[in-house]
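Participant: Okay, here's the structure, questions in a sec.
The values are calculated or read from the model by the stated rules, or taken from the named source; none is laboratory data. On a predicted model such as this, the values are computed, not experimentally measured, just so you know. Don't worry about glycine lacking a Cβ; one is built from the backbone with ideal geometry, like all the others, and counts go over all protein chains shown.
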Amino acid sequence: MTYCVGLLLNAGMVLLSDTRTNGGLDNIATYRKMFTFEDPGERVVAIMTAGSLSVTQTTLARLREEIDSSDATGETSIMLAPTMLKVAEIIGNTMAGVRKDIVSRMEMERVSTSASMIVAGQRAGGEMRMFLIYPEGNFIEATEDTPFLQIGEHKYGKPILDRVVRSETTLEDAQKAVLLSMDSTLRSNLSVGMPLDLAVIANNDCKITMQRRLEAGDPEFARMSEAWSTALRDSFTQIQL
């Protein structure tokens, strides 16, 4: 399993994913779940994935093929599509097609082909947009009322986002929010694990503004986790029945 979260704010977008893939108690591996594509100043697209690796990896391979194709058009390439809505449609259709192919080949096997993606980005002259793409290829969009999207093992990290994230949240506070959301998930579910990939896209930058990987034992993340635990314990003891 995995956990990915994306925030769509007035100031920009903040994305965070883990890297754990769990195929059983004795089959745990690390795979990147965040992928970025950019033409700096013109277009940036970030994709986070959860679910079947065969579906998500094949989908990304086909998307890259279309980007590199000499016959690429705005109908086939996410780097030429005229809008972010079209980008989401291309990715959704590609994933649905991949999933259909794999299902037909694995019809007699009990293998899950469920997969989902968060797609976020902006093109020059357009607005920032963020979509959650379902296994069937359809999608929903983050809005001012619901400025965050999650995929994977999302239930443990949702309460803090519900309480603190608003469209006017700063990019600095947003990074704290997603990291603490991930910290809650790491503590409650062993199928989510380090390292973590964090990316920030400032509004109208049309490029990756900041990107980093947090390895296990990262001192800043450990300090934040301990401070959050202490704050929760202190607040708990102060609440009166």
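Participant: Scan region 12-23 and give yes if some residue there is hydroxyl-bearing (Ser, Thr, Tyr) and more than 29 Å from Met194 (Cα to Cα), otherwise no.
Facilitator: Checked region 12-23: no residue is hydroxyl-bearing (Ser, Thr, Tyr) and more than 29 Å from Met194 (Cα to Cα).
Participant: Moving on to the next point. Take the residues in region 187-225 that are of a type in the set (D, E, K, R) and in contact with an Asp or Glu (Cβ under 7 Å, 6 or more places away or on another chain); name whichever of them is farthest from Ala46 (Cα to Cα).
Facilitator: Arg213
Participant: Could you grab me the full set of residues in region 191-227 that are at pLDDT below 95 and touching a strand residue (DSSP E or B) at 6+ places or on another chain (Cβ under 8 Å)?
Facilitator: Ser191, Val192, Gly193, Met194
Participant: How many residues are buried (at least 23 other Cβ atoms within 10 Å of the Cβ) and not aliphatic (A, V, I, L, M) if we restrict to region 53-64?
Facilitator: 2
Participant: Show me the strands (runs of 3 or more DSSP E) entirely contained within region 1-46 in which 1 or more residues are modelled with pLDDT under 95 and out of contact with any Ser or Thr (no Cβ under 6 Å at 6 or more places or on another chain).
Facilitator: Counting at least 1 such residues, we get 20-22, 28-30.
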